[in-house]
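Remarks on the structure that follows.
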Amino acid sequence: MTRGIVIAGTNSGCGKTSVSLGLMAYLKRSGYTVAPFKVGPDYIDPGHHNRVTGRFSRNLDGWMLTREYNKALFERATQDADIAVVEGVMGLYDGYDGKSEMGSTAQMAKWLDLPVILVVNAQSMARSGAALVKGFERFDPSLNFAGVIFNKLGSPRHLSYLKEALEGHVAMPCLGGIYRNTAIEMPERHLGLVTDDEKGLSEAHISTLADMVAENIDVDRLLKIMDGDSGKKSRGPKTIESDEKAKGHAVRIGIARDRAFCFYYQDNLDILQAHGAELVFFSPMMDGHLPENLDGLYLGGGYPELFAKELSANQSLRNEIKAGCNEGLPIYGECGGFMYLCQEIRDFKHECFSMTGCFPFKAVMLEKLRSLGYREVTLNDQSLIGHKGQVVRGHEFHYSRIEDDHGADKVYRVSPRTGDFVTEEGYRVNRTLGSYIHLHFGSCPDTGRAFVAACMDYRQRKVGS
C-alpha cells in the first residue's frame, strides 16, 4: 500500500507549503514516485506540487466532496505512487466554522487514516513552543501525529531549547527544524502565492528546498513512521467512471490555459474526459485563433486583470469567442474566465480593457477582497451544467465586482455553506454560462456529463446544418 503523510500547520503562513514542497522535492530526488495532494479549494499550491513532483496534484475537500469521494480519489491517485504527501489548509483544526472539524486538515487526515506532521513557526518562541505542541496533540486524541517540525529558527541553540522543552511533555517526536532562509520563500500577491504558470519554481529553487529537508529533517525516521501506517488503507471504488454512451463519440472542448487562466480542479478535466471530451488547450493571450473544430469552451479562473492589456490586444481571438457565443457554442467561464467573457475589465489602475463581450457588463477590480468562501449552487433552470434543481458545490474568491448587471439571465441560486440564501448569480447568454464560483464537478456527477452532452448537441446541430 502507498505510504502517506499529511503536512499540517498551527496556522496559515507557518511554513507548511515550503515544508511540503521540500519533502516532495527530496523524495522525488531520492527516487520515489510522489503523489501530491492539497486539502481545500486552493489552486495555486497544487500547481507548485505539479512542478516539483511531475504529477498532477489533487484537491481533497471535506465540504465540497463527500468522504467516499475523497477516499476513492486518494486511492485512485496513489495506485502507481510510492508515497503520498498531503499539504493541509490553514491551521490543522481550522474548517469552515468553530463548532466542527468539517473542511479541516484534521478531518481529512482521519478520513484517509494518515499520520500528521505539525509545522510550527517558532520565531520568537522557545519553551512556549512545547505548550503549543502539547495543546495541538491533546485537542483531538484520535489524530495520529508523526512528529513536529519547527520553522523559522534562529540558530541550532534555538532548536535545542525547543527539543528540551518537548521532553516529558509531548508524545510526538521532533523531526527537525528549518532555519530562517529567504531563498525558500515563495513570492506572493493579492490573491496569494504567484502561480506556477506565471512563474514556476526554478530547478535551483527546487534543489534548495530538497536540500533544506535533507539537511534539517530526519526523513529516515519519518519513513519508518509512515511504514507503520501503510497497511491500514483499503481500496475504494473509482471516483470517475467513463460514460459508455460517450465512448467513440468524443467532442472537442477548448481549455484556456496560460498565465492569465490556470485555475482548474484536475478532477474537473478528468471528468470531462471520462464523459467523452477531448481537451484542447489554447492561450487567450498568445493564440490568434481558437483551435479548429471545437464543440465547447471552458475558461477557468486566474488573473486576467494582470494581463488585461495582452488579452485585449488579441482581438482576433476575442472576436472568435464572441462569434461562438452568438452561434450557440457552449461556453463555460469561472471567475477569471467569467471576467474575460464580460464586455471589459477595469484594472487596479482604473484602466479599462475590452474583453470578449459575451456578457454585456464590466468587471471592476477592487482594492479589498469582495467575496470569499464555499458556495452551494442550485440551478434555477436548465443550463450547460445540468437540469433545474440540481445542486453543485464550489468556492468563491475574488477582488472584483460586476457593474451594469443586466442583459443576461441568472440561473444560479447561491447559498454559502451555512445554507442561508444569498443571491442569484450564474449569468447566461445563449449557451454561454459564467459565474464567479469555481465549481467542483465531483460534488455532482451529472455536471460534467451535462456539459459534454451540450457540446455533443452543438456538434450534431453543426453537422446537420
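Computed from the coordinates by the stated procedures, all read-outs in this text should not be read as laboratory data. What you see is a predicted model; the values in this text were computed from it and never measured. Because the Cβ atoms are built from the backbone with ideal geometry, glycine has one as well, and the counts that use them run over all protein chains shown.
A compact table of results
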{"read-out": "For the chain, cysteines whose Cβ has no other cysteine Cβ within reach (under 4.7 Å)", "value": "Cys14, Cys174, Cys262, Cys335, Cys342, Cys352, Cys444, Cys455"}
{"read-out": "Alpha-carbon Rg/Rh ratio, for the chain, with Rh computed the Kirkwood way", "value": "0.99"}
{"read-out": "Amide hydrogen neighbours beyond the local backbone of Val280, cut-off 5 Å, H modeled", "value": "Ile253, Gly254, Ile255"}
{"read-out": "Segment His406-Lys462, extension gain: residue separation times 0.36 nm, minus the distance between their alpha carbons", "value": "17.2 nm"}
{"read-out": "Phi to ³J(HN,Hα) by Karplus 6.51 cos²θ - 1.76 cosθ + 1.60 over the stretch 11-24, Hz, x for Gly, Pro", "value": "6, 5, x, 7, x, 5, 5, 4, 5, 4, 5, x, 5, 4"}
{"read-out": "Largest-first principal axis extents, alpha carbons of the stretch 251-464, Å", "value": "45, 44, 31"}
{"read-out": "Under 19 Å from Lys28, Cα to Cα: aspartates and glutamates that are on another chain or at least 8 residues apart", "value": "Asp45, Asp80, Asp82, Glu87, Asp196, Glu203, Asp211, Glu215, Asp218, Asp220, Asp227"}
{"read-out": "Label-to-label distance, nm, for residues given as Gln390 and Thr378 (7 Å Cα→Cβ offset)", "value": "1.7"}
{"read-out": "Exposed-site-free run, longest, the chain (rule: trypsin sites (Lys or Arg not before Pro); DSSP loop; at most 10 other C-beta within 10 Å)", "value": "100-348"}
{"read-out": "Volume of the Cα convex hull of the stretch 414-465, divided per residue and given in Å³", "value": "91"}
{"read-out": "In Hz, Karplus ³J(HN,Hα) per residue of the stretch 276-290 (6.51, -1.76, 1.60; θ = phi - 60°; x = Gly, Pro)", "value": "x, 8, 8, 8, 10, 8, 8, 10, x, 7, 10, 7, x, 9, 5"}
{"read-out": "Helical mean residue ellipticity (222 nm; -39500 (n - 2.57) per DSSP H run of 4+; nearest 500) of the chain", "value": "-9000 deg cm²/dmol"}
{"read-out": "Ascending count of other beta-carbon atoms within 10 Å, so fewest first, for Tyr93, Tyr43, Tyr264, Tyr436", "value": "Tyr93, Tyr264, Tyr43, Tyr436"}
{"read-out": "Order of Val422, Val452 - criterion: other Cβ atoms within 10 Å of each residue's Cβ, fewest first", "value": "Val422, Val452"}
{"read-out": "Viscosity 0.890 mPa s, 25 °C: Kirkwood-radius Stokes-Einstein D of the stretch 251-374 over Cα pairs, µm²/s", "value": "167"}
